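Colleague: Just dropping this structure here.
Each value in this text was obtained by applying a stated rule to the coordinates, not by laboratory testing. Computed from a prediction, not measured in an experiment: that's the story for all the values here. For neighbour counting, all protein chains shown are included, and Cβ atoms are generated from backbone atoms with ideal geometry for every residue, glycine included.
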Amino acid sequence: MTLKYVTLIQNGTIQTADTPSRCIAYQDNIELVEWVKQLLEEGYAFVDTPSGWPPAAVLQALQESGEMDVPFTAITWSGPGKYRTYRVFGTGL
């Protein structure tokens, strides 16, 4: 299994950890949600880390505002090669 995940959603850019990494531009939250749905279909997880505003937190904010109505997979690491994934459904899902 190839681990695919989004490392950054910021300033109109989505960045992935693919080899080579992808950098996807978006204009607004509507386009961001469209890209997120496509990435979810491709099997991507969204990084959730304890500091800053990680991609998982961006998506949770979209869920809470009602702009995104789909669950997503978040990913965190506890050490090199040690990670866990979990589904985030949001409050209205």
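Colleague: Apply the a/c threshold of 1.5 to the C-alpha gyration tensor of region 7-60 and tell me whether it is rounded, prolate or oblate.
Modeller: In terms of gyration-tensor shape, rounded.
Colleague: Where the only charges are on Cβ atoms (+1 Lys, Arg; -1 Asp, Glu), what is the dipole of region 1-63 about its Cα centre, to the nearest 20 debye?
Modeller: With only Lys, Arg, Asp and Glu charged at Cβ, the dipole is about 140 debye.
Colleague: Also, I was wondering about something else. Once you have a ≥ b ≥ c as the square roots of the Cα gyration tensor eigenvalues for the chain, tell me rounded if a/c is under 1.5, and otherwise prolate or oblate according to whether a/b is larger than b/c.
Modeller: Because a/c hits 1.5 or more and a/b fails to exceed b/c, the chain counts as oblate.
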